[in-house]
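In what follows, a structure is listed as structure tokens, so that the remarks can point back to it.
The values are calculated or read from the model by the stated rules, or taken from the named source; none is laboratory data. Since the model is a prediction, treat every value here as computed from it, not as a measurement. Because the Cβ atoms are built from the backbone with ideal geometry, glycine has one as well, and the counts that use them run over all protein chains shown.
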Amino acid sequence: MSERRTRRHSRRSRSPLWIGALAAALAVVLALGVFLIGGSPPRPPAASMDHGWELVLVNRDHSLPEGWDPELVTLTNGTQVDERIYPALQEMFDDMRDQGVYPVVRDGWRSQEEQQELMDDRVAQYRGQGHSWSESRELAEQWVALPGTSEHQLGLAVDINPDSSLSTGDQVYGWLAEHACEYGFVRRYPPDKTEITGISNEPWHYRYVGTEAAEEMERLDLCLEEYIEYLDGERAA
């Protein structure tokens, strides 16, 4: 897994003020229209940074922190992750391969546009099965986070699959379930925490939280939502 560092930049073209105002007004109207006919609901409040970048909680109730703009490392397959998690990810993959288990990172950081496309595609899939807009969106949200509320947009989460020519899913997911916390990663959406996380069981989705937090979450059997609540309680005590 080699790396090269990249930084995303945005370019703003100059235009008369009335054009900018008109564009902003149209954006509001379109957003409201999409919501009314069954599109994505408004973005929830921004996530807190109280516990540090490793423990930023992004979910359906907490959107990306204001100004979140990670430095990204590009892996050999083109997938990108936050450069701060790269050393731990590389070490974990090296150790897996040394033990005869061969993983690949199928997905890492996503842009807002990519997350929206995933949501739109999943909603369209359910619509094609005959569900209403509201039903389709509700079903889609069990598998795809609303744009602005996905951990993949943080760059701290990775979807890990087996290299199918060398390993099975049972081998990769079994190894991760047993050892990932040693490298600072946790299984973000376990089957027994669905009511709390709001996301269905995903044995491939791992989130970096740091070794200390990961091992404590493993010991206490807590998902990230529960762990943040636990830390807040400890701070208040």
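Could you say whether any residue in the range 219-227 is farther than 20 Å from Val104 by Cβ, touching a Leu at 6+ places or on another chain (Cβ under 7 Å), acidic (Asp, Glu) and in a helix (DSSP H, G or I)? Yes, there is a match, as at least one residue in the range 219-227 is farther than 20 Å from Val104 by Cβ, touching a Leu at 6+ places or on another chain (Cβ under 7 Å), acidic (Asp, Glu) and in a helix (DSSP H, G or I).
Every condition in (1) modelled with pLDDT of 95 or more; (2) within 19 Å of Glu54 (Cβ to Cβ); (3) not hydroxyl-bearing (Ser, Thr, Tyr) is met by Glu151 except one, and the failing one is (1). Which of the residues that make up the range 85-110 are closer than 18 Å to Val58 by Cβ and touching a residue at least 60 places away in the same chain (Cβ under 8 Å)? The answer is Ile85, and nothing else. Restricting to the range 153-171, name every residue that is part of a helix (DSSP H, G or I) and touching a Leu at 6+ places or on another chain (Cβ under 9 Å). Selection gives Gln153 alone. Here is a check on your reading of the model: is Pro44 in contact with a His (Cβ under 7 Å, 6 or more places away or on another chain) and either surrounded by 17 or more Cβ atoms within 10 Å (Cβ to Cβ) or touching a residue at least 40 places away in the same chain (Cβ under 8 Å) (or both)? Yes: the conditions hold for Pro44. Summed over the range 80-101, residues that are surrounded by fewer than 19 Cβ atoms within 10 Å (Cβ to Cβ) and either closer than 22 Å to Leu146 by Cβ or β-branched (Val, Ile, Thr) (or both) total 0.
Does Val104 fit the bill of being over 14 Å from the mean Cα position of the chain (by Cα), surrounded by 15 or more Cβ atoms within 10 Å (Cβ to Cβ) and within 20 Å of Thr79 (Cβ to Cβ)? So Val104 passes the test.
Scanning the range 93-136 for residues that are closer than 30 Å to Gly67 by Cβ and outside any helix (DSSP H, G or I) yields a total of 7. Determine if the range 176-184 includes at least one residue that is in a loop (DSSP other than H, G, I, E, B) and touching a helix residue (DSSP H, G or I) at 6+ places or on another chain (Cβ under 7 Å). Yes, the conditions are met somewhere in the range 176-184. Checking the stated criteria, Val144 turns out not to satisfy the condition of being touching an Asp or Glu at 6+ places or on another chain (Cβ under 9 Å) and at pLDDT 95 or above.
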